[in-house]
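Starting off with a structure, shown below.
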Amino acid sequence: MECAKQHQVTPEEIQLMHQHVIPDGTGARCLVACVFKKKDLINDKGMLDIDAAHSMADKEHLDDPTMIENSKKLFDLCKSVNDETVSDGEKGCDRAALLSKCLIANYSKFGFKI
């Protein structure tokens, strides 16, 4: 909710996000970045923090070693977003959108359902 208050997103963009589509609008991308920053997935340099992502996988799937491993594999697959050139630098909005798109495109390959 805090992130939603900070970043203006249209009802259409919210609907797209509920359908697991990341809109191109700045508000939507920055909303995603805000959420990822709160979860420590995106650091203050606007980069995916792979160690934090692995730590989150350990905590989220505490009783399921297979899901821990699959979560880490998914994050490892998507860590290439750190190599992409983005227009907003340390702000992280563009990279958060790239990360979201990667996670959405690949989650089912690792046994995840959204």
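Looking at V32, V21 in this structure, which one is among the hydrophobic types (A, V, I, L, M, F, W, C), crowded, with 19+ Cβ neighbours inside 10 Å and out of contact with any Cys (no Cβ under 6 Å at 6 or more places or on another chain)?
Checking each option against the conditions leaves just V32.
Tally up the residues in the stretch 1-52 that are assigned to a loop (DSSP other than H, G, I, E, B) and either under 22 Å from E84 (Cβ atoms) or not hydroxyl-bearing (S, T, Y) (or both), please. Explain how you work it out, then say what you get.
So the first thing to find is which residues in the stretch 1-52 are assigned to a loop (DSSP other than H, G, I, E, B), and the list is 1, 7-10, 19-25, 39-41, 43-47, 49.
Next, only the ones that are either under 22 Å from E84 (Cβ atoms) or not hydroxyl-bearing (S, T, Y) (or both) stay: 1, 7-9, 19-25, 39-41, 43-47, 49.
Qualifying residue count, the stretch 1-52: 20.
E13: farther than 17 Å from G92 by Cβ and acidic (D, E), yes or no?
On the way: farther than 17 Å from G92 by Cβ: yes; acidic (D, E): yes.
Criteria met by E13.
For the stretch 40-76, how many residues meet the condition of being among the charged types (D, E, K, R) and under 17 Å from C102 (Cα atoms)? Spell out how you get there, then give the answer.
To start, the set of residues in the stretch 40-76 that are among the charged types (D, E, K, R) comprises 40, 44-45, 49, 51, 58-60, 63-64, 69, 72-73, 76.
Then drop every residue that is not under 17 Å from C102 (Cα atoms), which leaves 49, 72-73, 76.
Count: 4.
So which residues in the stretch 57-90 are part of a helix (DSSP H, G or I), closer than 27 Å to D24 by Cβ and at pLDDT below 95, if there are any at all?
G89, E90, listed by residue number.
The values are calculated or read from the model by the stated rules, or taken from the named source; none is laboratory data. Keep in mind that this is a model prediction, so the values were computed, not measured. As a convention, Cβ positions derive from the backbone with ideal geometry for all residues, glycine included, and neighbour counts pool all protein chains shown.
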